[in-house]
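Asker: First, the structure itself, so that you have it in front of you.
The values are calculated or read from the model by the stated rules, or taken from the named source; none is laboratory data. Everything numeric here is computed off the predicted structure, so don't read it as measured data. Reconstructed Cβ throughout: ideal geometry from the backbone, glycine too, with neighbour counts over all protein chains shown.
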Amino acid sequence: MFVFWVWRIVIKARVVVFALFFGVWMPLGVIGASRNTSVVNVGVLFTHDSVIGRSAQPAILAAMDDVNADNSVLPGTKLNLILHDTNCSGFLGTVEALRLMEDEVVAAIGPQSSNIAHFISHIINELHIPLLSFGATDPTLTTPYYPYFVRTTQNDYFQMNAIADFIDHFGWREVIAIFVDDDNARNGISALNDALAKKRVRISYKATFSPGSPTSVINDLLVSVNLMESRVYIVHVNPDTGLSIFSIAKKLEMMNSDYVWIATDWLPSILDSFETNNPDVMNHLQGIVALRHHTPDSNLKKNFASKWNTTSFNSYALYAYDSVWLAARALHTFFQEGGNVSFSNDPKLHEINGSKLQLTSLRVFNGGEQLLETIKRTKFRGVSGLVQFGDDRNLIHPAYDIMNIGGTGMRRIGYWTNYSGLSTMTPESSYSKPLNATPNGHLYTVIWPGEATAVPRGWVFPHNGKPLQIVVPNRVSYKAFVTKDKSPLGVKGYCIDVFEAAINLLPYPVPHAYILKGDDSLDYNNLVYDVSQKRYDAAVGDIMIVTNRTKYVDFTQPFMESGLVVVTVVKEKKSSPWAFLSPFTVPMWAVTAILFVFVGAVVWILEHRSNEEFRGSPRQQIITVFWFSFSTMFFSHKENTVSTLGRSVLIIWLFVVLIINSSYTAGLTSILTVQQLTSKVEGIDSLISSTDAVGIQEGSFSLNYLIHELNIAASRIVKLKSQEEYMDALRRGPANGGVAAIVDELPYVELFLSGTNCVFRTVGQEFTKSGWGFVFPRDSPLAVDLSTAILQLSENGDLQKIHDKWLSRTECSMNLNQVDANQLSLSNFWGLFLICSITCIVALLIFFSRVAFQYQRATPEAQPEVEETQPDRTGRFGRTTSFIQFLDKKEVKKAKRKFIDINRAGQSSEGHSDELKKAEGKFIDINPAGQSSEGHPDELKKTKGKSIDINPASQSSECHPDELKKAKGKSIDINPAG
């Protein structure tokens, strides 16, 4: 018992010593905490009385309760949140941040304001306190200068890219930005300007107002922007003052179908914070498109809303809730990895110890860098979605909901992600699929202000009453295109009529006034440049669309086709005595002649053995071949073809000859009847290779083109001002101080040639292809609408009517008729020649195959089909000679009808009835001289299928029974000599 009481006393003494030690020495030294620290402090900075603050505060407190109730996170340690109100002031926010640092927090959550975040970031960098901001969206906060700043919400950089994609989707090219004049809004609009520039869209005006400005200032601001051209407004303001903009716009009638209003995430943050939306407020917001941070509809989010029995949490509240959990999970990992909560004095602050600000109370968190790295690699799924950071300390997979306000709420018309752009597919599905498998660029139907479903044009003419200032070149020559006039317009011409007709087709009025400038020496490049610098609103006239001009202005659809052509003096070409050879090219003549001889030779080969007309002496046969060949040209050949192969070849050849004759006749007729003109200059190529002077119109773009593109020396180029100078220079020629040719645009040339009585003509082809268009400043929406109107004029025929009114086209504008271009070549007939050649070759192959077969059967013992046989020869040469001789011999035709001539001289044929019955269509000549054939019945019986000539010389055939018996299948001549 005594030992027990002694043991209790010792234990109590140890507890007292431990308490005294920590109670006295802890404030004086370095505060240390191990893994078992009972309380860990985390600071929270935000404006309590604000749209975001009122929604975020209950979420932050709820998160603290949930963390402390969860034994799996920070077991045995209580998370203590220390809340400070920044009062929406940069100065007060900085003071509250310093006060918070005195509480020796290990991390800070907030602030909601990007302006305050900029100030605080310098403090946390010095004290190594990680800052988890659920509301600072300024893109410039993502910088290496703020390494301890971690953004737990979305970066405005992505929101501005989403807006740029939305604007580009509907084809608008100018917008007006309305924003509050603070760092956050300015930096956001700067990011928007960069994103729009990539889409060739520009911010035409930046309308700013100071924070807390009265409604009168906002009213004046909206009145001023309403006088401007653009009707696409992007509103990037604070949630607490933004609604007043739309209420004033509603009073100014700026919420009708001509307007487009796009709000950033501040507007959905307000509407999501209300349990029920105020009908009066919603009435001012009809048709507005707004972007909202995308938070997936997960079970965590649904459980969170049901647990706290509210749906008035906006996206910032969800990010604030997850920020508390992020800090808790990171601290849990920090302690598990051996981290300690300890602070040390900052030597830099001790140097200013004499200050009354008591800055020495600010201590450096020794584990701050380790905790920061832990936060950056922490990954979990919260109520706002996946919480994971990239290398830039921003949340990965940024996504936004595209919301359209209508009725009493908002409806989603699509999504935007940094992965697939605009889409109707949820971001979770988009990120899980390959990029090329993700449909993008699609949105559901938008209900615009004024309950319009048609996409607004996005711009109107300013309401300040100032008409468009349109510059027009004051031409002295070529007045048909544009010139000064005494009419109310002050100008007239083809270009003016086209422009006026196009303007009248637009669905809105376009007040405009013409301003004449310069004369024929006006440099059109300078004129176009003035439009690009907005000294004029547009330029109308005979202005060529060329590449270097399109770099800084926009042209409409061409209303007149144009290109550079060459004009020169032409003379009538004298008729040539060899004109009859002109229809065909030389290769065509040569191949045709060869084919004539070839076909003649083929027909001779096919007909030689069977047709007497193709036989005779070698001289006669050669004459026959050439005569037959060329007589077919006129279908006057007298030789008849008897073989099937010869007739087949001849039919195909006569068809070829018919085509050739017809083509030759047509070509020769054209050459002899159409006027032929000639000129020393044949086109731009011959002009480049020569050294003669070249004329151009003064002020034309052709000067630079000839010098820089075609490398024609500038000393060769002569500038001419009028049509009279054109005519004079061409007539004098280069030898007398004139020019060899003039290079000018086709419309001018056509107008020039119409008054020259066809003395001059164009030679060659157009060597550039372009057109005339109206000029507007870059990205002018009027250029697009006028292009559509010009196409409409072209389709309904009005453009051609205007052309016929001012301009006339004559025969003189046609190019020179060149004989070479009309000549027929092998390319026109190669198919026909190929068919004829194949027919000839096939016929020869069949013929020689048949002759070779007959030659093999024609042996020295029996050759009845050939009139004369030659003795067999040995050796290859002998066989070849024998075959040629066989080929040259006339072929004996077999009788198509078989008959038996017995006793042709009237002798008796008694006793041969049996033999006649067995003759079966055979040719048997018995006793042609009238001799008796008695005594041969047996021999006749054995002559089945044979041709037998018995006693052709009237000799008796008796005593030859044995020979007849042996004549099985042979052709036998018995007693040929009697």
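Asker: Please enumerate the residues belonging to the range 299-337 that are among the small types (G, A, S) and at pLDDT 90 or above. Please lay out each step first, then the result.
Answerer: Start the filter on the range 299-337 by keeping residues that are among the small types (G, A, S), which leaves 305-306, 312, 315, 317, 320, 323, 327-328, 330.
The answer is S315, A317, A320, S323, A327, A328, A330.
Asker: Let me spell it out: the conditions are (1) of a type in the set (K, R); (2) buried (at least 18 other Cβ atoms within 10 Å of the Cβ); (3) at pLDDT 90 or above, and R363 meets all of them except one. Which number is the exception?
Answerer: Here R363 meets the rest and fails (3).
Asker: Additional query: When V566 is evaluated against the numbered criteria (1) outside any loop (DSSP other than H, G, I, E, B); (2) out of contact with any Gly (no Cβ under 9 Å at 6 or more places or on another chain), which criterion, by number, is the only one it fails?
Answerer: (2)
Asker: Suppose we filter Y664, Y726, Y748 for residues that are aromatic (F, W, Y) and under 30 Å from M633 (Cα atoms); which single one remains?
Answerer: On the way: Y726 fails: under 30 Å from M633 (Cα atoms); Y748 fails: under 30 Å from M633 (Cα atoms).
Residue meeting the stated conditions: Y664.
Asker: Still on this model: Could you list, in sequence order, all residues of the range 271-299 that are surrounded by 15 or more Cβ atoms within 10 Å (Cβ to Cβ) and under 23 Å from G382 (Cβ atoms)?
Answerer: Correct list: L271, D272, S273, L291, R292, H293, H294, T295, P296, S298.
Asker: Do we find that V603 is outside the structural domain of C758 (by TED's automatic domain parsing) and modelled with pLDDT of 75 or more in this structure?
Answerer: Numbers: outside the structural domain of C758 (by TED's automatic domain parsing): yes; modelled with pLDDT of 75 or more: yes.
In short, yes.
Asker: I'm checking my understanding of the structure. Among residues of the range 50-89 that are under 54 Å from the mean Cα position of the chain (by Cα) and surrounded by fewer than 17 Cβ atoms within 10 Å (Cβ to Cβ), which one is nearest to T378 (Cα to Cα)?
Answerer: Only one residue tops the list, namely P58.
Asker: Tell me the strands (runs of 3 or more DSSP E) entirely within the range 361-402 that contain at least 1 residues that are closer than 30 Å to L267 by Cβ and either in contact (Cβ under 8 Å) with a residue 24 or more places away in the chain or not assigned by TED's automatic domain parsing to the domain that holds G135 (or both).
Answerer: Values: elements: 363-365, 380-382, 385-387.
Strands (runs of 3 or more DSSP E) meeting the threshold: 380-382, 385-387.
Asker: Counting just the residues of the range 67-122 that are out of contact with any helix residue (DSSP H, G or I) (no Cβ under 6 Å at 6 or more places or on another chain) and of a type in the set (S, T, Y), which one comes out nearest to R329 (Cα to Cα)?
Answerer: Restricting to residues being out of contact with any helix residue (DSSP H, G or I) (no Cβ under 6 Å at 6 or more places or on another chain) and of a type in the set (S, T, Y), the top hit is S72.
Asker: So, in the range 471-501, exactly how many residues are of a type in the set (A, V, I, L, M), in contact (Cβ under 8 Å) with a residue 40 or more places away in the chain and more than 17 Å from W806 (Cα to Cα)?
Answerer: Result for the range 471-501: 2.
Asker: Further question on the same structure: Only one of L845, L791, L782 is under 30 Å from Q621 (Cα atoms), part of a helix (DSSP H, G or I) and at pLDDT 60 or above; which? Even if it seems obvious, please write down each step before you answer.
Answerer: Values: L791 fails: under 30 Å from Q621 (Cα atoms); L782 fails: under 30 Å from Q621 (Cα atoms).
One residue alone meets the criteria, L845.
Asker: When you scan the range 710-734, how many residues do you find that are part of a loop (DSSP other than H, G, I, E, B) and of a type in the set (D, E, K, R)? Before you say what the answer is, go through the steps one by one.
Answerer: Just the residues of the range 710-734 that are part of a loop (DSSP other than H, G, I, E, B), to begin with: 710-713, 721-722, 733.
If we keep only those that are of a type in the set (D, E, K, R) too, we end up with 721.
Count: 1.
Asker: Can I ask one more? Within the range 141-155, track down each residue that is touching a Lys or Arg at 6+ places or on another chain (Cβ under 8 Å) and polar (S, T, N, Q).
Answerer: Listed by number, the list holds a single entry, T142.
Asker: Hey, among the residues in the range 800-842 that are closer than 30 Å to E500 by Cβ and in a loop (DSSP other than H, G, I, E, B), which one's modelled with the lowest pLDDT? Lay out the reasoning, then the answer.
Answerer: The initial filter retains those residues of the range 800-842 that are closer than 30 Å to E500 by Cβ, namely 800-810, 813.
Filter once more, so that each one left must be in a loop (DSSP other than H, G, I, E, B): 807-810.
Details: L807: 85, S808: 71, R809: 62, T810: 59.
By that ranking, first place goes to T810.
Asker: Could you tell me how many of the residues in the range 213-236 are buried (at least 20 other Cβ atoms within 10 Å of the Cβ) and within 15 Å of R173 (Cβ to Cβ)?
Answerer: 5
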